[in-house]
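Presented below is the structure to which this report refers.
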Amino acid sequence: MAKNGNKKILHIKRRFKLNVGMIIFFIIFVYIVFSVTSYLQRDRIKYFEVEEGSIVKEHSYTGLILREEQVVNAEKSGYLNYYVPNNRKTAKGATVYSIDETGNLESYLREHPELMTGLTDTDIAELRAALYNDTVTLTDVDFNRIYDVNASLSAMVMEYAGFNSLSALSDSLTELGISFSEFQAPASGLVSYSIDGFESMTPSEVTADMFDMASYNNVITSSGSMVESGAPLYKLITSDVWSIVFPMDQEDIATFSDESRVTISFTDKDISTDASFSVIKGSDGENYGKLDFTRYMIQFASERFVEFEIVSNNVSGLKIPERSITSKDFFIIPVEYLVENDDGTSGFNKEVLSDDGTAVQFVDTEIYSQDEEYCYVDSSPDSEFKVGDYVQKPGSSDRYQIGPTKSVPGVYNINKGYTVFRRIEELERDNGYCIVKKNTPYGPSVYDHIVLDASMVDEGELIYQ
């Protein structure tokens, strides 16, 4: 029986064979890595969606208020008491103030409180409301109005407490040595206790130094004060018609010279209204604007100077960022060379070379823009015209050589995934935005996507958003 000897096992090394599938997979992998890396490193182009909008420009001024005012002076010397609250209308013949010549009336009333009717809950509520309304509108600029508020509140207290009933006791008070006299309004109107010397001022008398607030002096005489006969006590505003006069420079005059009516905004009072407008000469020879009103007189009865804004240039159209605006050069061809056919096509008669020499061929052309002098034609490499080409004037042998260009403003539209130039007609700019005309040929439309920063791209460039 044969014996099995030890068998020797041989290990054969296999050669690495390059697989075509692996090569393709590797190439695809490298391409994906490269594409992802490039995408992450690429500047992302941001876009802006065109929208309708408007720009409103406001011009700020400080004006001097003038109105029909009649100053009433004290008829006697003595201690003063007002009966009519400040900025309250009164009728002709109604009691406005009284004069206590002896000064004993106040102490007598303290000794006889039964003569006064007292304040009801409704009276107190109205006093609180008046105090609140006055204090919340006070600023550091018009701090002097505190005296005006004090006079008004004192008069309200007198009115509510039935101080007028003392007139029935005038004979008894005289027997007690108390000389008490009441005085009535000489005309109907709005009572104001602010006296500043401008009451008889007319618009033509205004001068520039009157707008120096440091020299402005407003006097308010409060109840309980000792007054001399002939001293100014209050004034009556006898008309709802009032005016504002304000300084104007040459730029203001150029802006508003053609206007007869403007829109005024009083920001502090949240009031916007129209006013008649005119330009006048002051007594110093300077130009001033004059605004005339027939409303809101009561709201400004305690003020002599007022800050306001004239609203102008309310321009509407398409709103785009200023950063989106770029420009493109177009060939300019004189308008008289334009050919407009009966079938609605338009273009130019271009000279072309032929076997017989030079011939004239009509070229249907896109006119991107047109003014009184020129037509604007595409100057890109794909244009129907090249520098040096000639066009002929219709019905004439006159020739014009293509070459001169002119820059036209516009934006890059990216609705199709690449940049397309769209021209714009600018109307107004403000706060980083521009209002452009709507419905312009070859212009943008509402909801178009345009490049936010036009400096980052060129025309015809693919856009990755």
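Here are the numbers for the structure shown:
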quantity: Considering residues of the range 405-455 that are of a type in the set (S, T, N, Q) and in the same structural domain as Cys375 (by TED's automatic domain parsing) only, the residue nearest to Pro334 (Cα to Cα); calculated: Thr405
quantity: Residues satisfying the stated conditions in the range 298-331, i.e. closer than 26 Å to Lys235 by Cα and either touching a Ser or Thr at 6+ places or on another chain (Cβ under 8 Å) or not assigned by TED's automatic domain parsing to the domain that holds Asp212 (or both); calculated: Ala301, Ser302, Arg304, Phe305, Val306, Glu307, Phe308
quantity: Qualifying positions in the range 182-221 - touching an Asp or Glu at 6+ places or on another chain (Cβ under 7 Å) and part of a helix (DSSP H, G or I); calculated: Ala208
quantity: Some residue of the range 319-335 being over 44 Å from the mean Cα position of the chain (by Cα) and under 28 Å from Lys438 (Cβ atoms); calculated: no
quantity: Candidate set from the range 427-445 (those that are more than 19 Å from the chain's Cα centre (by Cα) and surrounded by 13 or more Cβ atoms within 10 Å (Cβ to Cβ)); member that is farthest from Ile55 (Cα to Cα); calculated: Tyr442
quantity: Strands (runs of 3 or more DSSP E) enclosed by the range 225-320 - at least 2 residues per element that are without any contact (Cβ under 8 Å) to a residue 60 or more places away in the chain; calculated: 261-266, 271-281, 287-293
quantity: Selected residue (criterion: modelled with the highest pLDDT) from residues of the range 65-89 that are farther than 19 Å from Arg295 by Cβ and touching a helix residue (DSSP H, G or I) at 6+ places or on another chain (Cβ under 9 Å); calculated: Tyr79
quantity: Count of residues meeting criterion [part of a strand (DSSP E or B) and modelled with pLDDT of 90 or more] in the range 428-442; calculated: 4
quantity: Pair list, Cβ < 7 Å and 6+ apart or interchain, from the range 197-212 residues that are closer than 13 Å to Trp242 by Cβ to residues that are of a type in the set (Lys, Arg); calculated: Phe198/Arg304; Glu199/Lys235; Pro203/Lys290
quantity: Where Asp378 falls short, out of the listed (1) more than 22 Å from Arg423 (Cβ to Cβ); (2) under 44 Å from the mean Cα position of the chain (by Cα); (3) charged (D, E, K, R); calculated: (1)
quantity: Candidate set from the range 250-277 (those that are within 22 Å of Ile237 (Cβ to Cβ) and at pLDDT 90 or above); member that is surrounded by the most Cβ atoms within 10 Å (Cβ to Cβ); calculated: Ile264
quantity: Residue in the range 341-360 that is nearest to the chain's Cα centre (by Cα), counting only those that are farther than 15 Å from Lys393 by Cβ and surrounded by 11 or more Cβ atoms within 10 Å (Cβ to Cβ); calculated: Thr345
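Matching residues to (1) surrounded by 12 or more Cβ atoms within 10 Å (Cβ to Cβ); (2) over 39 Å from the mean Cα position of the chain (by Cα); (3) modelled with pLDDT under 90; (4) part of a loop (DSSP other than H, G, I, E, B):
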| site | (1), (2), (3), (4) |
| --- | --- |
| Ser369 | yes, no, yes, no |
| Tyr400 | yes, yes, no, no |
| Lys406 | yes, no, no, no |
| Tyr412 | yes, no, no, no |
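The values are calculated or read from the model by the stated rules, or taken from the named source; none is laboratory data. Please read all numbers here as calculations on a predicted model, not as lab measurements. Glycine also receives a Cβ, built like all others from the backbone with ideal geometry; neighbour counts cover every protein chain displayed.
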